[in-house]
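The values are calculated or read from the model by the stated rules, or taken from the named source; none is laboratory data. Since the model is a prediction, treat every value here as computed from it, not as a measurement. Here the Cβ positions follow ideal geometry from the backbone for every residue, glycine too, while neighbour counts run over all protein chains shown. Note: areas computed on protein heavy atoms with side chains; ligands, DNA, RNA excluded. Shrake-Rupley method; radii C 1.70, N 1.55, O 1.52, S 1.80 Å.
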Amino acid sequence: MKQDIDWSKLGFKYHTTDIRYISNYKNGSWDEGQLSTNSNVTINESAGVLQYAQTCFEGLKAYTTKDNKIVCFRPDLNAARMEESCKRLEMPVFNKERFVNAVKEVVKANASWVPPYGYGASLYIRPYMFASGAVIGVKPADEYQFRIFTTPVGPYFQGGAKPIVIRISDFDRAAPNGTGHIKAGLNYAMSLHAIVDAHNQGFAENMYLDSKTRTKVEETGGANFIFVTQDNKVITPKSSSILPSITRRSLLYVAEHYLNLKVEEREIYKEELKDFKECALCGTAAVLSPVGKINDHGKEISFPSGMENMGEITKKLYDTLVGIQLGEIEAPKGWIEVIL
Ligand SMILES: *Cc1c(COP(=O)(O)O)cnc(C)c1O
């Protein structure tokens, strides 16, 4: 039995569901983990996460496919990425196989919350880990908690994806040898001011440049970029301070193997932006959001795809990837994890 909710009216916001997964790390090892009905976390006032922001997270979605299966998309890559985040933050790694099994377990337990096929909605899955042990001197804590909760979400853009206007930011997101490549809460904490400021100025997002030379495109606060060149090549910035988006990696594969387009990951200079045909942001939440204009300190760069619709290649990429996720188009081997 599904929950009695209007699936067509879900926004992108937190909604408590029945069950979450919890595992605790203590005395050098993880316990066996359990499901819980308690949506609150109780921790010491001096927990490492509260004092020194020792926490990281992941984000993925479960969907109902065309043939009525509940699946999720490439959870093994989220598990691997979280391992990288944990290592960089001196947190204990949660075994990748256990991660995927825990995702499946918690989605199964919340099956009534997985939106049915056809609404563009999904069950957003949020795995995360934080230092629960008390610290006061600056050092890694010795106790941690790994949790996964789920929350039903509607399509990121109600009524379809309209192109957005973004600005080139004077704030930096990541230092050259910093933490830009991991999914750490701290990257988001310090991006909040920049995004609030962008919104106040009428922009949907910030385009961050590399903080060392401020000449190369990096990403936004929560999504990677893809661009389409005049000769229909799909390109994406290469940098060690970009978060390796699973959506972006999947889109590049789709471009190459499903759409027969040339793809390239390379350094992309701000000066090149005016030459591109299409620009879009990619990430789990929206899959792809088309960018119509980039504001560079008052100077506008407008893409030929315009402010009404997704660019032609962006649309093909979007339709193909979403088709794969919803079981309408055959997926590459290993991309779809069937849960129920
Ligand atoms: C999560 C995230 C993305 C998108 O990654 P996906 O795996 O595609 O969801 C991009 N940039 C940043 C900074 C992120 O935190």
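Does residue 173 count as assigned to a loop (DSSP other than H, G, I, E, B), at pLDDT 95 or above and within 30 Å of residue 303 (Cα to Cα)? Considered against the rule, which asks whether it is assigned to a loop (DSSP other than H, G, I, E, B), at pLDDT 95 or above and within 30 Å of residue 303 (Cα to Cα), residue 173 comes out as yes.
If you filter segment 257-277 down to residues that are farther than 17 Å from residue 318 by Cβ and touching a Pro at 6+ places or on another chain (Cβ under 8 Å), you find that the one that is surrounded by the most Cβ atoms within 10 Å (Cβ to Cβ) is 268. Of the listed requirements (1) assigned by TED's automatic domain parsing to the domain that holds residue 306; (2) part of a loop (DSSP other than H, G, I, E, B), residue 254 misses just one: (2). Scanning segment 192-210 for residues that are in a loop (DSSP other than H, G, I, E, B) and within 16 Å of the ligand (Cβ to nearest atom) yields a count of 3.
Output yes when any residue across segment 303-323 is part of a strand (DSSP E or B), under 20 Å from residue 204 (Cβ atoms), over 20 Å from the mean Cα position of the chain (by Cα) and modelled with pLDDT of 95 or more, and no when none is. No - not one qualifying residue is present in segment 303-323.
Residue-by-condition table, conditions (1) at negative phi; (2) open to solvent by less than 60 Å² (accessible area, probe 1.4 Å); (3) without any contact (Cβ under 8 Å) to a residue 24 or more places away in the chain:
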site: 148; (1), (2), (3): yes, yes, no
site: 152; (1), (2), (3): yes, yes, no
site: 158; (1), (2), (3): yes, no, no
site: 161; (1), (2), (3): yes, yes, no
site: 168; (1), (2), (3): yes, yes, no
site: 192; (1), (2), (3): yes, no, yes
site: 207; (1), (2), (3): yes, yes, no
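Every residue in segment 170-190 that is within 13 Å of the ligand (Cβ to nearest atom), of a type in the set (A, V, I, L, M) and open to solvent by 40 Å² or more (accessible area, probe 1.4 Å), please. Listed by number, the residues that qualify are 186, 189, 190.
Restricting segment 211-229 to residues that are crowded, with 23+ Cβ neighbours inside 10 Å and more than 14 Å from the ligand (Cβ to nearest atom) leaves a set whose member that is farthest from residue 166 (Cα to Cα) is 228. Number of residues in segment 55-87 that are of a type outside the set (Gly, Ala, Ser) and in contact with a Cys (Cβ under 8 Å, 6 or more places away or on another chain) equals 6. Across segment 260-277, not a single residue is classified as farther than 30 Å from residue 84 by Cα and either within 16 Å of the ligand (Cβ to nearest atom) or under 23 Å from the mean Cα position of the chain (by Cα) (or both). Name every residue in segment 230-259 that is within 12 Å of the ligand (Cβ to nearest atom), within 22 Å of residue 75 (Cα to Cα) and of a type in the set (Gly, Ala, Ser), in order of residue number. Result: 245, 250.
Hey, does segment 278-288 have a residue that's over 29 Å from residue 175 (Cβ atoms), open to solvent by less than 20 Å² (accessible area, probe 1.4 Å), more than 16 Å from the ligand (Cβ to nearest atom) and outside any loop (DSSP other than H, G, I, E, B)? Yes, some residue in segment 278-288 is over 29 Å from residue 175 (Cβ atoms), open to solvent by less than 20 Å² (accessible area, probe 1.4 Å), more than 16 Å from the ligand (Cβ to nearest atom) and outside any loop (DSSP other than H, G, I, E, B).
Give me the pairs: first residue in segment 29-44 and at positive phi, second residue small (Gly, Ala, Ser), beta-carbon distance under 7 Å, and six or more apart or on different chains, which are they? Sorted first by the residue in segment 29-44, then by its partner, the pairs are 33/23; 33/102.
Residue-by-condition table, conditions (1) within 16 Å of the ligand (Cβ to nearest atom); (2) over 19 Å from residue 153 (Cα atoms); (3) in a loop (DSSP other than H, G, I, E, B); (4) not aliphatic (A, V, I, L, M):
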| position | (1), (2), (3), (4) |
| --- | --- |
| 41 | no, yes, yes, no |
| 44 | no, yes, yes, yes |
| 50 | no, yes, no, no |
| 61 | yes, no, no, yes |
| 66 | no, no, yes, yes |
| 81 | yes, yes, no, yes |
| 87 | no, yes, no, yes |
| 107 | no, no, no, no |
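Going by the structure shown, is residue 25 among the aromatic types (Phe, Trp, Tyr), touching a Ser or Thr at 6+ places or on another chain (Cβ under 9 Å), open to solvent by less than 30 Å² (accessible area, probe 1.4 Å) and assigned by TED's automatic domain parsing to the domain that holds residue 144? In short, no.
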